[in-house]
1. Can you say whether B:GLU157 is surrounded by fewer than 23 Cβ atoms within 10 Å (Cβ to Cβ), under 14 Å from B:PHE66 (Cα atoms), within 12 Å of chain A (Cβ to nearest Cβ) and of a type outside the set (Lys, Arg), as far as the supplied structure shows?
2. B:ARG84 versus (1) in a strand (DSSP E or B); (2) open to solvent by less than 50 Å² (accessible area, probe 1.4 Å); (3) touching a residue at least 40 places away in the same chain (Cβ under 8 Å): which is the lone unmet condition?
3. Please give the number of the condition B:THR48 fails out of (1) modelled with pLDDT of 80 or more; (2) open to solvent by less than 90 Å² (accessible area, probe 1.4 Å); (3) facing chain A (nearest Cβ under 10 Å).
4. B:GLY64: on the phi > 0 side of the Ramachandran plot and buried (at least 17 other Cβ atoms within 10 Å of the Cβ), yes or no?
5. With the checklist (1) under 14 Å from B:LEU178 (Cβ atoms); (2) crowded, with 23+ Cβ neighbours inside 10 Å; (3) facing chain A (nearest Cβ under 10 Å); (4) not hydroxyl-bearing (Ser, Thr, Tyr) in hand, flag the one item B:MET59 doesn't pass.
6. For the stretch A:96-121, how many residues meet the condition of being of a type in the set (Gly, Ala, Ser), free of Cβ contacts under 8 Å to residues at least 40 places away in the same chain and in contact with a strand residue (DSSP E or B) (Cβ under 6 Å, 6 or more places away or on another chain)?
7. Out of all the residues in the stretch A:74-110, which are of a type in the set (A, V, I, L, M, F, W, C), over 17 Å from A:ASN58 (Cβ atoms) and not in a loop (DSSP other than H, G, I, E, B)?
8. Can you tell which of B:ASP288, B:ASP296 is in the same structural domain as B:ASP408 (by TED's automatic domain parsing) and not in a helix (DSSP H, G or I)?
Amino acid sequence: MKKVNEVKIDLQGSVAVIDIHGDITSQSEIILRSSYERLDSEKIKGILLKFEKATYFNSEGLKVLILILADARKRAQKIAVTGLSEHFKKIFGMVGITKFAKIYDDEDQAIKDLESFAGEG
Amino acid sequence: MPKETEKMNTEPGESDTSTGLEVIQTELDRRAYYLRTLYDVSKELFGTVNFEAILRNFMLMTMGNFGVFRCFILTCNDSADQVRHIVSVGFDEDEQSRLQQFSCRFLEGNSTCMVESAGLEKLGSTPFPPDVSLIFPFRIDTDQIGILGLGPKLTEEPFEKHDKELLGTLVNNLVVALKNALSFEEINALNEELQVKNEELEKALHELQAAMRKVEILESIKANLCKFVPATVTRMIERSPTSESLEARERDLTVMFLDIEGYTKITEEVGGTETNSLVEKYFSVFMDAIYTNNGDVMETAGDGLMILFLAEDRTAHALDAVRAAATIREKTAVINKESTVVSQPLAINIGITSGRAYLGASRYSSTTGSRWTYTAHGMLVNMAARICTKATGGAILTNRATAERAGDEFRIVSLGKSRLKNISEEMEIFEVKQRPHFPL
């Protein structure tokens, strides 16, 4: 049974941590897109997408991430991802998401890198 | 798996083995992902029967699956000159118009093979929108074809053989889902048509039922009116509802007048109510005799009846009339024997004439409306009435024509010439004698 998505946004300076619970499928599009759209694109330069370990992504879920990546590129925002299982790390690599979003195991490190990127901007 | 990996890592040549295992593992992951994709795509595609929603879902899932920023799907008619649906992500408005032009040009050439960007340049002068790496045409049915276009992969790698195989399988699923959607649309259209037809049928049924109710009411009115209308007139109106057949025409017929002798005296003797029931009793029996012999009562007046016999054959209607008259006389005798209401036996006097007369409808108009009657007119009718007044004691009198036509079956004797009221010439009158076989 699909889990209902719950999203929490935590702003840490110019970095936004979007904490996402539940599987990422076509049902997730509205909540993920609206969470992303709510961020101030002028102020937020780094975004961390924080998933749970057991999160399942289907093709449409990956598409939602790809569309967010495309928008982030246009806004010169950097995206990082944490909480992926080994399986989905590989899938993200196969699909090419890793070209545009770096995958971290350590959340603090991810935030630190994003802050550093934002500082450069 | 991790344990095996760990064990193998300790063996000699561990680097090669480890790389080999990683490759195998990656391939397994890729295949598992593809399998999962097939499952997810099928579930999404067959979860709806909306044509446009299927196209959009498929496009978005394909983007996620192959990791592309840009994708489009276009469908058009078989001759590729009429675009029916287009869905796209990552193309602006100008590019969309170029997409349509290119896709139609591409499909016009009946291309059925998957083509990569390198091959696209060979297709002619139509400039292709940038950042499209793969084109996949497909046929939905005999009337509709489509094309799927994918932008470059995020990995910046080319579409591999296994990608194309998966894409082929996915597009096959897409076609099945689109066919289902079209069938569903067709069924819906047929259902709607059926619903409209059902509504029309229901309306027609209601109208028919209303008409039936009217017919029932009219039948009921007719049944009641028929009690008061001669059967001849009813039959003629049924045969020809317009009034043409009722127009007065001269023809050969037989007229019979019948009255009860001494009616006024009887009324005085037994009273109006008793007389009425007496008349009903006798006349009811007479009706059988009249109708059995093809006669029809045209007019009634107290103690008298005017009856017409209208068989096509001139001898037949004369014989019908004489037979009816003889039967009336015989039945009167029987009732007289049984009846104790009046002191004297009832005598029914009858006058019959055969010949030509005017038969048809007459209209009497007045300020309060008009009234129609259907009867016979002319000297023949007057003579029958006069002859009837000449008859006494239950006699049946006729003119020469009736006597001649019925003479073979009945004994009819001449009573000689006689003067009738208001008729200038004397007229020979005949009497129908008792039928010898009738037991009195």
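1. Criteria met by B:GLU157.
2. Answer for B:ARG84: the failing condition is (2).
3. B:THR48 satisfies every listed condition except (3).
4. So B:GLY64 fails the test.
5. It is condition (2) that B:MET59 fails.
6. 1
7. Once the filter is applied, which keeps residues that are of a type in the set (A, V, I, L, M, F, W, C), over 17 Å from A:ASN58 (Cβ atoms) and not in a loop (DSSP other than H, G, I, E, B), the stretch A:74-110 yields A:ILE79, A:ALA80, A:ALA101, A:ILE103, A:ALA110.
8. B:ASP296 is the lone residue from the list that is in the same structural domain as B:ASP408 (by TED's automatic domain parsing) and not in a helix (DSSP H, G or I).
The values are calculated or read from the model by the stated rules, or taken from the named source; none is laboratory data. Computed from a predicted model, the values in this text were never measured in an experiment. Positions of Cβ are generated from backbone atoms using ideal geometry, with glycine treated the same way; all protein chains shown enter the neighbour counts. Accessible surface is based on the protein model in full, side chains and every heavy atom, while ligands, DNA and RNA are left aside. Shrake-Rupley method; radii C 1.70, N 1.55, O 1.52, S 1.80 Å.
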